[in-house]
1. Enumerate the aspartates and glutamates that Lys32 could reach by cross-link, defined here as Cα to Cα under 19 Å, with residues fewer than 8 away along the same chain left out.
2. For the range 27-67, what is one quarter of the convex hull surface built on the Cα atoms, given in nm²?
3. When only DSSP loop residues count, what GluC sites (Glu not before Pro) in the range 1-63 have their Cβ near at most 13 other Cβ atoms within 10 Å?
4. Output the relative contact order of the chain, whole-number percent, from Cα pairs under 8 angstrom with separation of 6+ residues.
5. At 1.4 Å probe size, what's the solvent-accessible area of Leu47? Round to the nearest 10 Å².
6. Quick check on my link table: of Lys37/Lys84; Lys37/Lys63; Lys59/Lys84; Lys2/Lys63, which ones sit more than 32 Å apart, alpha carbon to alpha carbon?
7. Run the 1.4 Å probe and let me know the accessible area of Arg26, rounded to the nearest 10 Å².
8. Computed from the mean reciprocal separation of all distinct C-alpha pairs, what Kirkwood hydrodynamic radius does the chain have, in Å?
Amino acid sequence: MKIDFDMISVFNTDQELETIFLEHKRGEEAAKKESGKGLGMFLVQKLMEINGFSIYMKKLPDKEIFYNNIKYCRNLIVIDIPQKFIK
C-alpha cells in the first residue's frame with residue numbers, strides 16, 4: 001500500500017531530491033530559512049526504515065511559488081507499506 005502526501009513545500013532541484021534524506025542535508029531554498037538543521041527528512045526516513053517502510057519524494061509538474069524570498073512547489077511524498085503490514 002502507498003500513502004501519498006501531495007503538498008506545497010520547499011522547492012528542491014532534482015539533484016537535491018536525490019540527497020534529501022541524508023543527515024544534515026538542506027536544499028538551497030531550505031537553507032534560506034534561519035531555522036533547521038537538515039534532520040527532519042533524515043529522521044522521517046530512519047523511522048520508516050525501522051518499521052520496514054520506505055519513503056521517497058518527488059516534485060510534481062506545477063507552478064513554482066515564491067513566498068518570503070523562498071521558492072516552493074508541489075511535492076509528493078510517498079510512503080510504501082509492504083503487504084505484510086496490511087490486514
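The values are calculated or read from the model by the stated rules, or taken from the named source; none is laboratory data. Note that the coordinates shown come from a computational prediction; the quantities given were computed from them, not determined experimentally. Here the Cβ positions follow ideal geometry from the backbone for every residue, glycine too, while neighbour counts run over all protein chains shown. For the accessible areas, the whole protein counts, side chains as well, though only heavy atoms, and no ligand, DNA or RNA atoms are used. Shrake-Rupley method; radii C 1.70, N 1.55, O 1.52, S 1.80 Å.
1. Within reach: Asp14, Glu16, Glu23, Glu64.
2. 4.0
3. Glu23, Glu34
4. Relative contact order of the chain: 42 percent.
5. The accessible area comes out at roughly 100 Å².
6. With Cα atoms farther than 32 Å apart: Lys37/Lys84.
7. 70
8. Mean inverse Cα-Cα distance, inverted, gives 13.9 Å.
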